[in-house]
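Single-structure report; data block below.
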Amino acid sequence: MDAILHASRLSGTACVPPSKSAAHRAVLCAALAGGTSRIDNIEYSDDIRATLGAVCQLGARVEQDKHAVVIKGLGTDGFPTVTRPVFCNESGSTLRFLIPVFSLTGQKIRFTGAGRLMDRPQEVYRMLFNRQGLRFEQSGEGITVFGRLRPGGLTLPGDVSSQFISGLLFAAPLLESETTIEVLPPYESRSYVDLTIAAMQRFGVKVTQRAKKNGGVIYRIAAPQRYLPCDMAVEGDYSQAAFLAVLGVLLGGITVSGLDPASRQGDRVILDILKSFGGKIANVNGGLRFSRGLLKAGEIDLADCPDLGPVLIALGCLCGGTTTIRNAGRLRIKESDRIASMQLELAKMGGQVQVEGDTLTMTGGALHAPAEPLSGHNDHRIVMALTVAALAAGVPATIRGAEAVRKSWPDFFTVMRSLGAKIDLVESE
């Protein structure tokens, strides 16, 4: 699908979609619980559909309503025989959360996916499985594991994806005895692990943690424990709200509703970042209003909020002065190489993005209409960030591969249109 963007005036109120991160965690906890859980405020993005399909193979029963899902968990009934590969589509969360959990079946399990998923690094799990004498094989076609993880003391580096830590946390209560997980400094993306622990505790599982003086953390999970059913609603997504928020501070007059001001989401830092750049944010009835300010360049650390990278790169190209983004290396191993993707596509619009190691610098200025179509690089956040860049710059543009938004926010273009964006969606030739 091509998205054809026209110069538009934007204003109004938009509700953010439910947090994909929180929804993944709630679905998995509900699937492991004994009894029936109802999860409201669900959006059936491609990633969430992948997790729902996977937990059905794990033995859970799932009933989908329009905006809610009812899950009867496997509880103490035991794991069924897994007869076919577990398809994770392009969802890194689905894959990394479920590898340790599926290992508890003791069966030979094969995971498959789409896009770049099977090429994304899994060395943390490979080393752990090898250390315990278990099988772990990875190729571009899939990952095969065989053997049940054992409890004990685990040590993980903190500068890897938090999804590995979360996956082990989900499985640990179901082991035979206590497990400790020590995360070494520097500990990046810790806020995502906090979300995991909050979800586990909501479903009745206790996790204790102790911070070390060197910046590391030790998690202690008693076992065996049982996940308990829980009815809950998924909170709004700050990582998706960032696209609306950046548009708001660049163009003015956009109110975002559906956000929990007390959220533990790491991407909530978008509010602090935009304030530091001079953006105006006000609490209004029903949400946060983002208004245009005299934006100035600044410095951003992406260590704990890598999903904000693409839209902040776009912001840097539209602010006066030079913006620096540090610790951006994780962007290279997402659905696309997000550094290379944004650098290439923004260059078509006159944007200047310099790369030195894991540090990016953007020299702000006016963007022009691209002479050729932009590519979404099969990456939902690239498509959305380029949409923000073109609309904020007030220039027409065509984005190829715009259907990638289905991965996390299927209604993205509908929401943009509700704010006044003139967007035509057509089949690619």
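The values are calculated or read from the model by the stated rules, or taken from the named source; none is laboratory data. Owing to the predicted nature of the structure, the values given are computational and were not obtained by experimental measurement. Note that each Cβ is placed from the backbone with ideal geometry, even for glycine, and that neighbours are counted across all protein chains shown. When the accessible area is computed, the model is the full protein with side chains, heavy atoms only, and any ligands, DNA or RNA have been set aside. Shrake-Rupley method; radii C 1.70, N 1.55, O 1.52, S 1.80 Å.
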>> Considering only residues that are within 24 Å of the chain's Cα centre (by Cα) and of a type in the set (A, V, I, L, M, F, W, C), which ones fall in the stretch 196-211?
In response: Ile197, Ala198, Ala199, Met200, Phe203, Val205, Val207
> Regarding Ala172, is this residue open to solvent by less than 10 Å² (accessible area, probe 1.4 Å) and either farther than 26 Å from Gly73 by Cβ or not in a loop (DSSP other than H, G, I, E, B) (or both)?
Replying inline: yes
> Name the residues in the stretch 262-280 that are touching a residue at least 12 places away in the same chain (Cβ under 8 Å) and over 26 Å from Gln352 (Cα atoms), would you?
Replying inline: Ser263, Arg264, Gln265, Gly266, Arg268
>> Among the residues of the stretch 190-202, are any part of a loop (DSSP other than H, G, I, E, B), open to solvent by less than 50 Å² (accessible area, probe 1.4 Å) and modelled with pLDDT under 95?
In response: no
> When Ala233 is evaluated against the numbered criteria (1) modelled with pLDDT under 95; (2) among the small types (Gly, Ala, Ser); (3) surrounded by fewer than 22 Cβ atoms within 10 Å (Cβ to Cβ), which criterion, by number, is the only one it fails?
Replying inline: (1)
> Restricting to the stretch 362-410, what's the tally of residues that are among the β-branched types (Val, Ile, Thr), in contact with an Asp or Glu (Cβ under 8 Å, 6 or more places away or on another chain) and open to solvent by less than 10 Å² (accessible area, probe 1.4 Å)?
Replying inline: 2
>> Whether any residue in the stretch 251-261 is over 25 Å from Ser161 (Cβ atoms), within 25 Å of the chain's Cα centre (by Cα) and among the polar types (S, T, N, Q) is what I want to check.
In response: yes
> What number of residues within the stretch 97-112 satisfy the criterion of being in a helix (DSSP H, G or I) and open to solvent by 10 Å² or more (accessible area, probe 1.4 Å)?
Replying inline: 0
> Considering the stretch 263-316 alone, what residues qualify as being of a type in the set (Asp, Glu), at pLDDT 95 or above and surrounded by 15 or more Cβ atoms within 10 Å (Cβ to Cβ)?
Replying inline: Asp267, Asp307
> So which residues in the stretch 317-332 are open to solvent by 10 Å² or more (accessible area, probe 1.4 Å) and under 21 Å from Leu247 (Cβ atoms), if there are any at all?
Replying inline: Leu318, Gly320, Gly321
> Out of the residues in the stretch 52-67 that are closer than 26 Å to Gln240 by Cα and open to solvent by less than 10 Å² (accessible area, probe 1.4 Å), which is nearest to the chain's Cα centre (by Cα)?
Replying inline: Leu52
>> So if I check each of Ala366, Ala385, which one is under 30 Å from Met118 (Cα atoms) and either touching a Phe, Trp or Tyr at 6+ places or on another chain (Cβ under 8 Å) or among the aliphatic types (A, V, I, L, M) (or both)?
In response: Ala385
> Can you tell me which residues in the stretch 81-93 are in a loop (DSSP other than H, G, I, E, B) and either free of Cβ contacts under 8 Å to residues at least 24 places away in the same chain or open to solvent by 50 Å² or more (accessible area, probe 1.4 Å) (or both)?
Replying inline: Thr81, Thr83, Arg84, Pro85
> From the set of residues in the stretch 216-226 that are more than 24 Å from the chain's Cα centre (by Cα) and assigned to a loop (DSSP other than H, G, I, E, B), which is surrounded by the fewest Cβ atoms within 10 Å (Cβ to Cβ)?
Replying inline: Pro224
> Can you name the condition, by its number, that Glu182 falls short on among (1) closer than 30 Å to Ala233 by Cα; (2) open to solvent by less than 70 Å² (accessible area, probe 1.4 Å); (3) not in a helix (DSSP H, G or I)?
Replying inline: (1)
>> Can you say whether Val249 is open to solvent by less than 10 Å² (accessible area, probe 1.4 Å) and over 26 Å from Ala421 (Cβ atoms), as far as the supplied structure shows?
In response: no
> In the stretch 333-361, what residues are open to solvent by 20 Å² or more (accessible area, probe 1.4 Å) and either hydrophobic (A, V, I, L, M, F, W, C) or in contact with a helix residue (DSSP H, G or I) (Cβ under 6 Å, 6 or more places away or on another chain) (or both)?
Replying inline: Ile333, Ala340, Leu344, Ala347, Val355, Asp358
> Can you tell me how many residues in the stretch 113-148 are in a loop (DSSP other than H, G, I, E, B) and open to solvent by less than 10 Å² (accessible area, probe 1.4 Å)?
Replying inline: 1
> Restricting the search to the stretch 10-44, which residues are of a type in the set (S, T, N, Q) and surrounded by 23 or more Cβ atoms within 10 Å (Cβ to Cβ)?
Replying inline: Ser19, Ser21, Ser37
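May I ask you to list the residues in the stretch 33-66 that are among the acidic types (Asp, Glu) and in a loop (DSSP other than H, G, I, E, B)?
Once the filter is applied, which keeps residues that are among the acidic types (Asp, Glu) and in a loop (DSSP other than H, G, I, E, B), the stretch 33-66 yields Glu43, Asp65.
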> Looking only at the stretch 411-429, which residues are closer than 16 Å to Ala241 by Cβ and open to solvent by less than 50 Å² (accessible area, probe 1.4 Å)?
Replying inline: Phe412, Val415, Met416, Leu419
